[in-house]
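Structure, as structure tokens:
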Amino acid sequence: MASFHLPLRSSMAALAVVLCVLSCFLPELAFAKTRHYTFNIRYQNVTRLCHTVKVLTVNRRLPGPPLVAREGDRVLIKVINHVAENVTIHWHGVRQLRTGWADGPAYVTQCPIQTGQAYTYNFTLKGQMGTLLWHAHISWLRATIHGPIIILPRRNESYPFEKPHREVPIVFGEWFNVDPESVIQQALQTGGGPNVSDAYTINGLPGLLYNCSSNDTFKLKVKPGKTYLLRLINAALNDELFFSIANHSLTVVDADASYVKPFQTDVVLLSPGQTSNVLLKTNPNFTNATFFMAARPYATGQGTFDNSTTVGILHYGHSSTPIPATGIPSLLPNLPAINDTNFVFNFSRKLRSLANAKFPAKVPQTVDKKFFLTVGLGTAPCPNNATCQGSNGTKFAASINNVSFALPSTALLQAYFSRRANGVYRTDFPARPIFPFNYTGTPPNNTFVSNSTSLVVLPFNASVEVVLQGTSILGAESHPLHLHGFNFYIVGEGFGNFDPNKDPANFNLVDPVERNTAGVPAGGWVAFRFFADNPGVWFMHCHLDVHTSWGLRMAWIVLDGPKPNQKLPPPPADLPKC
């Protein structure tokens with residue numbers, strides 16, 4: 001057969017036509033790109049509050065470097081472990097569609113990355129825009145191993161709100177004057193509550209209200225009459241936080257990388273793991289003025305907590321004049337009371353999805369699988385010949401439906417994929433409490449929790465409704481629950497015990513907010529729905545790390561679907577081994 005060759009110019013023209021067709025019909029191929037990052041886990045001496053602590057960092061930064069990509073991009077992050085501790089990284093809120101091997105929770109989707117080893121996380125950002133976070137997901141290492149995920153719209157697409165003059169990540173954290181790992185290890189040994197942090201931080205800095213911190217204060221210089229997009233991230237270990245800027249209002253436009261109907265507020269509430277994009281419009285009449293931004297905890301439990309305030313400085317103009325101590329109170333914003341549950345409840349009810357043609361709210365209107373899950377604290381027996389500091393001489397524990405989840409010594413996803421579940425996990429997690437009681441009333445006499453590695457199995461693409469019911473066994477408190485691998489729609493919430501006969505009639509199935517982390521109200525409940533369209537094994541846990549350490553966690557298996565693109569692929573070759 002005779003060969004046939006187009007002239008070079010004709011070949012280039014034909015290629016241009018092909019690329020044009022691709023760009024018209026497959027825009028994700030035309031504009032998406034692969035972004036490469038390298039995260040080196042190293043020790044770093046960091047000084048805050050006149051205490052120098054050797055902490056774990058990524059690329060010697062605290063917070064760690066931002067991961068920036070556009071919606072549709074593929075991201076590869078090579079994580080190299082140079083420290084003695086085992087490490088994993090979780091890409092909090094990333095859907096991980098069929099990339100569960102890259103999700104990151106230790107002993108759930110992977111074994112940890114051991115000393116001297118590396119693992120490349122490989123995933124694509126699909127259908128998400130806004131702000132998320134990445135953090136370590138083993139023990140309490142995320143105290144210092146965390147950073148922003150910034151997902152920009154695709155090229156030639158814009159925000160559904162005013163284009164900002166500038167975008168600024170604001171990462172809230174906690175600082176300990178000692179190694180946080182020693183704090184949780186001591187608590188687990190004694191059975192008592194862990195020591196609280198010594199300060200809160202804004203972008204790694206405690207702010208001048210703390211001792212020895214006048215130079216460790218985050219400063220944001222702004223111009224009059226401009227709009228700034230603040231990417232708010234709560235990376236704190238154990239505290240929900242109020243945030244406000246004195247003499248300024250904020251417009252909330254996004255929650256957990258999902259757009260919401262814009263609304264104005266003076267105060268934003270963020271639970272650990274939650275993110276929000278807010279617009280700050282600067283005053284056109286301020287030319288040389290200083291204001292404080294501040295964050296302090298929302299606390300509902302009976303245990304001790306860090307009752308302090310971190311501040312940053314919002315400064316108009318070019319000169320930064322020193323702030324006299326006597327002038328500080330007048331610069332601070334008004335924040336709600338520490339235990340202002342009513343504010344928190346009303347704030348959360350303002351969050352609504354855009355629910356328009358471009359950004360629809362795909363809320364399940366009917367439900368295949370219903371779960372009623374109690375969440376809260378309980379106790380575990382004190383070991384023989386030991387003294388425990390928990391309630392009535394016991395050890396503090398936490399549970400979902402009275403099951404305190406025990407992590408295995410191998411990864412659940414590996415056991416599931418290789419069909420070697422025997423001895424690793426069971427699939428008998430209760431869909432409702434085995435022993436019902438008055439969940440928010442008088443607690444039962446027996447506060448002990450069970451302990452097992454039990455999972456829930458869901459058929460592919462089942463519509464799921466979960467009601468999370470808070471309990472008051474050891475005091476009612478708020479619990480931010482995070483579900484890996486999915487976004488869900490918060491269709492209802494309330495105080496007291498959930499009433500299955502009355503409360504569903506008030507569910508919002510039109511424009512509920514779409515999130516990955518939901519706050520269970522103190523002494524109340526929250527209901528959410530989602531489609532189980534992502535095969536794999538997915539963790540769900542309280543994002544107060546002390547509660548996760550005590551066992552307030554569980555896992556879901558979502559089975560493969562019938563089509564090739566609905567099945568979990570095999571693990572990557574460099575997946576860490578236990």
Report summary line: Taking first residues from the stretch 32-52 that are small (Gly, Ala, Ser) and second residues anywhere that are surrounded by 11 or more Cβ atoms within 10 Å (Cβ to Cβ) and assigned to a strand (DSSP E or B), the pairs with Cβ under 9 Å that are 6 or more apart or on different chains are 32/70; 32/74; 32/124
Query raised in the report: Is there a residue being small (Gly, Ala, Ser), buried (at least 19 other Cβ atoms within 10 Å of the Cβ) and closer than 22 Å to residue 47 by Cβ anywhere in the stretch 192-201?
Result: yes
Report task. Determine whether the stretch 62-76 contains at least one residue that is free of Cβ contacts under 8 Å to residues at least 60 places away in the same chain, more than 22 Å from residue 206 (Cβ to Cβ), among the hydrophobic types (A, V, I, L, M, F, W, C) and in contact with a Gly (Cβ under 7 Å, 6 or more places away or on another chain). Result -> no
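Could you please let me know if residue 507 is in contact (Cβ under 8 Å) with a residue 12 or more places away in the chain and either touching a Pro at 6+ places or on another chain (Cβ under 8 Å) or not assigned by the TED database to the domain that holds residue 397 (or both)?
Here the answer is no, as residue 507 does not meet what is asked.
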Requested in this report: Take the stretch 157-184 and flag every residue that is open to solvent by 40 Å² or more (accessible area, probe 1.4 Å) and closer than 24 Å to residue 307 by Cβ.
Outcome: 178, 179, 182
Report task. Can you work out which of the residues in the stretch 65-99 that are in a strand (DSSP E or B) and among the basic types (Lys, Arg) is farthest from residue 147 (Cα to Cα)? Result -> 74
**Report entry** Looking only at the stretch 437-447, and only at residues there that are open to solvent by 90 Å² or more (accessible area, probe 1.4 Å) and more than 15 Å from residue 497 (Cα to Cα), the one that is farthest from the chain's Cα centre (by Cα)
**Finding:** 445
Query raised in the report: Is it true that some residue in the stretch 378-401 is of a type in the set (Lys, Arg) and within 30 Å of residue 575 (Cα to Cα)?
Result: no
Report summary line: Within the stretch 365-402, the residues that are under 25 Å from residue 544 (Cβ atoms), under 30 Å from the mean Cα position of the chain (by Cα) and hydroxyl-bearing (Ser, Thr, Tyr) are 374, 379, 391, 399
Query raised in the report: Looking at (1) open to solvent by 30 Å² or more (accessible area, probe 1.4 Å); (2) in a loop (DSSP other than H, G, I, E, B), can you tell me which one residue 272 breaks?
Result: (1)
Requested in this report: Please work out if residue 353 is out of contact with any Phe, Trp or Tyr (no Cβ under 9 Å at 6 or more places or on another chain) and under 17 Å from residue 252 (Cβ atoms).
Outcome: no
Report summary line: Selection from the stretch 218-267 of residues in contact with a Ser or Thr (Cβ under 9 Å, 6 or more places away or on another chain), open to solvent by 10 Å² or more (accessible area, probe 1.4 Å) and not in a strand (DSSP E or B) yields 218, 223, 224, 225, 226, 238, 239, 248, 249, 266
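The values are calculated or read from the model by the stated rules, or taken from the named source; none is laboratory data. Keep in mind the model is a prediction, meaning the values are calculated, not measured. A quick note on method: Cβ atoms are made from the backbone with ideal geometry, for glycine too, and the neighbour counts reach across all protein chains shown. Side chains included, ligands, DNA and RNA excluded: accessible areas come from the protein's heavy atoms. Shrake-Rupley method; radii C 1.70, N 1.55, O 1.52, S 1.80 Å.
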